[in-house]
Amino acid sequence: MKRPVLTAVLALTAGLLTAPAPAQAAPAATPGAGTGTAPSQVLSPTPYQGWNTYFGLGGNFSEQSVREVADALVDRGLAKAGYDIVWLDGGWQDPEPRTAAGDLQADRTRFPNGLKPLVDYIHGKGLRAGIYTDAGPYIPGKCGLGSGGGYYQRDADQFAAWEFDAVKVDFLCGIAADLDPKTVYTEFAHALRNNASGRPIIFNLCNPVTSPDWGNYPEEQQSTYSWTYAPAIAQSWRTYTDVGFVGDIKFKDVLRNYDANARHPEVAGPGHFNDPDYVAPELGMTDEEFRTQMSLWAVAAAPLVIGSDVRKLSQTSVDILADADMLAINQDRAGVQAVRVGPAGTTETWVKRLADGGRAVVLLNRGESPTVQTTTGAKIGLSGTRFTVRNAWTDQVTESAGTISAAVPAHGAALLRVTPARALPGVPHVTAGLPTVTTVGGAASPANATPVLAGGDEARVEVAVRNDGLLPVFTPQVTLATPAGWTVRPLGTAPRLLTPGGHGTFAFTVTLPLSATAGTASLAATTSYEVLGHGRLTQRSTSSLIIAPVPPDGNVVLSHHTWISATSGWMSPTVDLSVGGWSPITMLGQVHPTGLGVASPSTVRYYLGGRCSRLTALVGIDDAVNNVGPEGGTATFQVVGDGKVLFDSGVVTREATRPVDVDLSGVRVLDLVVGDAGDGGYNDRANWAGLNAAC
């Protein structure tokens, strides 16, 4: 990075953390706020919230299904929590999108009465209505609907006449027609602001095109360029490609979209927000991963649009979506977007300045094992020596003497609200760590990996406890609960107290029965301690581990053996077929009857139990990539045993394969890892062909 740019970035980061909160007066008008608003009014001064059909209902939704979702938003309390836009995405249009007169028309079978009665129903529930179009011209076979080709004003007037409150404008037709996004989006914004009804309409600029994910496109046509012009014409703009596929939202892609969204926090503010795409409970992520997405979207001041079918969501998902403390951070009137404090890595600290002068802090754990993460009041931009810390997800309120810590699970995030403390000292900020497996059978458990145990194993489990408050805590105790049939033996003696700034580690030996059932198991720690004036307090923390299946025996086709876990950049790993299951594994014209097909990035994990001696395979790019195009189709392959790299292919292109012959002696857990070779995962269909193990 050049020095002037680095200086500017450092100055920006400091400004976002230390700038004074805005005054109580109404904010100034935002460009693109829409005709019909008062000069001082900002359209969507805080990030809008709602629901969209795309991920939850697909493209075949109907008037009835949308009405049912509107009902569910109200009945399940999500509308009251602010999710009040019912948004029709692509698919509402008729197979003949325009009438002979040139007007847009809804599908005449699924919306027999047109859209106006549906909009009226949505408004009658106290909700707002959103609709979808594209900035390019309708091109049959390439996109389903477009307002380009001279229809911007006509369609803007039509949406306003139907009384829609928000419009999402895609760029599928736009990129197919090779248009310039800035030019056409500016024209559409002008038409929307000047609609014939004078109706204020939220404009969501949705260019999802990125390279290399979509192919090779100039910078000006990509979503990562929208920040240069969109704040002046739109209430929000997409900052990267879709957060996932329909029914397949992966945590790694949530992190990818968040990172892209975080590149330009300086352009976000009341009435204009960066948009990392929809929030996605129960579409591929665990509850913990989804809670992390909500923590990140909250501090990003991102629009919160639910992508799932709310009629089917669990109460846990609804509770996460409606959490009052999380929403207060997202809806903070300052409209400031979080910045990272400190280095990027497996664990990170993100800080958002709030209107009351406090800070919202996310302690993010991108890794595969639990950890205790810390920051300080000074690092997050606050002065003083005492801070009140409110955990948004647990509602726990404590007081810190300067250090702010949290126990963060794998793929987890602590969302904290930190303000200067006053009056008498409060409950001390004590962090009870999550149970962590440190050794298995006397050997160190690999760092940043979910622990793997098997029947008969003996493991050491540790729980770290630290006191970052002003008051001491007395007689700290930790108990550990395990599945039935396991044995737990405490190690060492508990300390009598933890002074301010003090810490202790509570250790246990855990032994699994030989009959331990393969799958996922939990370790639950209960930490208790005495605080003068507050009695005995308790915290509970839980972590997961994997109980391995039976290891392979003899000379085996490893791809036919049960894996512990398996990930693929898109879709899921396929056995004996290229990823997606569309064709046999084929490389350089040769068909291979056995193996694994994956898309980058990917990790497939097997339990070997130290019983295998050799692994052989042939790795490369499947010939199916040639049917897609010349872009992408590069990968790297690694064989990793108990955290140690045993084989590294380097970059592999579609023009070559690499043989694998690895000594597996003593390896308990084997990872087959595929990377994207640094150019993204576009068209990366990777194969582990002829994957054979001698055991």
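How big, in percent, is the set of alpha carbon pairs in the chain lying more than 40 Å apart?
Details: 92620 of 241165 pairs.
When every Cα pair of the chain is considered, 38 percent fall beyond 40 Å.
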Express the accessible area of the range 101-181 per residue in Å², computed with a 1.4 Å probe while the remaining protein chains stay in the model. 37 Å²
In nm, give the distance between the simple-model label positions of Val557 and Asn626, each being 7 Å from the Cα along the Cα-to-Cβ direction. 2.4 nm
Going through the cross-link list Lys142/Lys168; Lys116/Lys168; Lys142/Lys252; Lys80/Lys312, which pairs have a Cα-Cα distance over 20 Å in this structure? Lys142/Lys252
Out of Leu618, Pro212, Val336, whose Cα points farthest toward the positive end of the dipole of the chain (charges: +1 Lys, Arg; -1 Asp, Glu; placed on Cβ)? Val336
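Assuming a ≥ b ≥ c are the square roots of the Cα gyration tensor eigenvalues, decide whether the range 446-505 counts as rounded (a/c under 1.5), prolate (otherwise, with a/b larger than b/c) or oblate. All intermediate terms of the calculation are to be shown ahead of the outcome.
Working: a/c = 3.28, a/b = 1.94, b/c = 1.69.
Prolate is the answer for the range 446-505, as a/c is 1.5 or above and a/b outweighs b/c.
Kindly report the accessible area of the range 595-647 per residue (heavy atoms of protein chains, probe 1.4 Å, no ligands, DNA or RNA), in Å². Please report the intermediate quantities before stating the final value.
Working: 1800 Å² over 53 residues.
In whole numbers, the range 595-647 has 34 Å² accessible per residue.
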Would you mind computing, in nm to one decimal, how far apart the modelled labels at Thr316 and Ser197 are, each placed 7 Å from Cα along Cα→Cβ? 4.2 nm
Ordering Ile139, Ile122 by the accessible surface of their heavy atoms, 1.4 Å probe, largest first, yields Ile139, Ile122
Contour minus end-to-end for Ala324 and Lys142, with contour as 0.36 nm per residue of separation and end-to-end as the Cα-Cα distance? 61.3 nm
Could you check how many percent of all C-alpha pairs in the range 206-319 are farther apart than 21 Å? 36 percent
Debye sum, Cα scatterers, the range 424-466, no solvent: what log₁₀ I/I(0) at q = 0.15, 0.32 1/Å? -0.48, -1.15
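Shape call for the range 111-247 from the C-alpha gyration tensor, a ≥ b ≥ c root eigenvalues: rounded (a/c under 1.5), prolate (a/b greater than b/c) or oblate? Intermediate values should be presented prior to the final figure.
Numbers: a/c = 1.73, a/b = 1.59, b/c = 1.09.
Because a/c hits 1.5 or more and a/b exceeds b/c, the range 111-247 counts as prolate.
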Can you give me the three principal axis dimensions of the range 438-585 from its C-alpha atoms, in Å, biggest first? 69, 34, 24
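Where both residues lie in the chain, what percent of DSSP beta bridges are antiparallel, nearest 5?
Details: 127 of 154 bridges.
Expressed as a percentage, antiparallel bridges in the chain total about 80.
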Å³ per residue of the Cα convex hull, for the range 358-426? 75 Å³
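Averaged per residue, what accessible area in Å² does the range 252-409 show with a 1.4 Å probe, protein chains only?
Numbers: 4620 Å² over 158 residues.
On a per-residue basis, the range 252-409 sits at 29 Å².
What does the extension gain come out to for Thr109 and Ser383, with contour length at 0.36 nm per residue minus their alpha carbon separation?
92.4 nm
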Given the -39500 (n - 2.57) contribution per DSSP H run of 4+ residues, what per-residue ellipticity at 222 nm results for the chain, rounded to the nearest 500 deg cm²/dmol? -4500 deg cm²/dmol
Accessible-area value, Asp325, 1.4 Å probe, nucleic acids and ligands omitted, Å²: 40 Å²
Approximate spin-label separation Gln396-Thr438, in nm, with each point projected 7 Å along Cα-to-Cβ: 2.1 nm
Between Arg614 and Arg263, take the C-beta separation as r, use R0 = 30 Å, and let me know the FRET efficiency to the nearest 0.05. 0.05
With the label point 7 Å along the Cα-to-beta-carbon line of Tyr217 and a cut-off under 15 Å to each amide N, the hits in the range 148-175 are 169-175
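Ignoring ligands, DNA and RNA, please state the percent of accessible area on the chain from carbon and sulfur, probe 1.4 Å. Display every interim value, and only then the final one.
Details: 14310 of 26960 Å².
Carbon plus sulfur share of accessible area: 53 percent.
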Give me the Debye-computed log₁₀ of I(q)/I(0) at q = 0.11 Å⁻¹ for the range 269-358, equal point scatterers on Cα only, no solvent, two decimals. -0.33
Treating the beta-carbon of each Lys and Arg as +1 and of each Asp and Glu as -1, no other charges, what is the dipole magnitude of the chain about its Cα centre, to the nearest 20 debye? 1960 debye
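Net charge within 12 Å of Ala447 by Cβ-Cβ distance, Lys/Arg positive one each and Asp/Glu negative one each, not counting Ala447 itself? Write out the running numbers ahead of the final one.
Details: positive: Lys644; negative: Glu368, Asp642.
Neighbour charge sum, excluding Ala447 itself: -1.
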So, taking all protein chains as they sit and a 1.4 Å probe, how much accessible area belongs to Tyr682, in Å² rounded to tens? 50 Å²
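List the trypsin sites (Lys or Arg not before Pro) within the range 442-505 that DSSP assigns to loop and that have no more than 10 neighbouring Cβ atoms inside 10 Å. It would help to have the intermediate numbers written out before the result.
Values: sites: Arg460, Arg466, Arg496; in loops: Arg496.
Listed in order of number, the matching sites are Arg496.
What does the C-alpha gyration tensor say about the overall shape of the range 562-612? Classify as rounded when a/c is under 1.5, otherwise prolate if a/b is larger than b/c, or oblate. Can you show the working numbers first?
On the way: a/c = 2.54, a/b = 1.45, b/c = 1.75.
Oblate shape, in that a/c is at least 1.5 and b/c is the bigger or equal ratio.
The values are calculated or read from the model by the stated rules, or taken from the named source; none is laboratory data. A quick note: this is a predicted structure, and the numbers were derived from the prediction, not measured. As a convention, Cβ positions derive from the backbone with ideal geometry for all residues, glycine included, and neighbour counts pool all protein chains shown. Note: areas computed on protein heavy atoms with side chains; ligands, DNA, RNA excluded. Shrake-Rupley method; radii C 1.70, N 1.55, O 1.52, S 1.80 Å.
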